[in-house]
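The values are calculated or read from the model by the stated rules, or taken from the named source; none is laboratory data. Keep in mind that this is a model prediction, so the values were computed, not measured. Note that we place each Cβ from the backbone using ideal geometry, even for glycine, and neighbour counts take in every protein chain shown. Heads up: the accessible areas ignore ligands, DNA and RNA and are worked out on the full protein's heavy atoms, side chains in. Shrake-Rupley method; radii C 1.70, N 1.55, O 1.52, S 1.80 Å.
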Amino acid sequence: MRLVSKKTVAIFVLGAFVLAGAALSPLAQAAGPEKTRPAIEKRQFDPDKAAQRLSETYGIAKDTVLARLNNGANIRDVNRAAFLAKASGKTLDEVLDLKTGDNNWKDVAKTLGVTREQAKATFRGLSADKLNAKLGFDRATVLGLLEQGYKSRDIAVAGLLAENADKTPASVLEMKKINNTWRDVAQSLGVSDETFKQDMLKLRQAFGHGGHHRFGHKRAAQ
């Protein structure tokens, strides 16, 4: 259940798509060259909704994001720039202006002086913010668990089970082993299957379309 990766800053830059609810490729492919994905390209893209998601995730004015999108900026590039802006303390426009046809986002990160540790810390902070905003979890507690290496989806499930069983999220996380499931943990805590299902529904509703792939019933019950 460890989250810490040894990959480059690029992984964390692209991994921010998960936070924004706009994951366009698995993290394992994040450092590779961009490829067109027809199924995604055919989907109806709503700049206003995309700008709202990025604004909520990174604390950037929606109008600033929307202006860039309406001016032809790629959502991937805006998302990466928003992550680096958060990590470096720069504005979105300052970061986007550093990206040219002759460099890549890893180069931009180096130019900004964003280290791998800073990228990790930013990623954890954004994850903690999301769990706080969506589920009301204590940010400091979540951040501490992320720093220990626990995955966001596991913290989300453990947090809800902890509320049901009057336990701490940390104590519930310790109950999850390789050879058991979250449903097993729920049963050990005396949480009914119906309550467990409601918790998984709450996660799906909190994280929207596709959220069940990261937090929901199928993944959490494994």
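Given the condition over 24 Å from R124 (Cβ atoms) and at pLDDT 95 or above, answer yes or no: does some residue in the range 78-93 qualify?
Looking through the range 78-93, at least one residue is over 24 Å from R124 (Cβ atoms) and at pLDDT 95 or above.
For residues that are more than 14 Å from Y58 (Cβ to Cβ) and either touching a residue at least 40 places away in the same chain (Cβ under 8 Å) or surrounded by fewer than 16 Cβ atoms within 10 Å (Cβ to Cβ) (or both), tally how many sit in the range 125-138.
The qualifying residues number 4.
Quickly run through the range 140-194 and pick out the residues that are touching a residue at least 12 places away in the same chain (Cβ under 8 Å) and among the acidic types (D, E).
E147, D154 - these are the residues of the range 140-194 that are touching a residue at least 12 places away in the same chain (Cβ under 8 Å) and among the acidic types (D, E).
Among the residues of the range 60-94, how many are without any contact (Cβ under 8 Å) to a residue 40 or more places away in the chain and closer than 19 Å to P47 by Cβ?
21
In the list L160, L146, which residue meets the criterion of being within 30 Å of L92 (Cβ to Cβ) and open to solvent by less than 60 Å² (accessible area, probe 1.4 Å)?
L146
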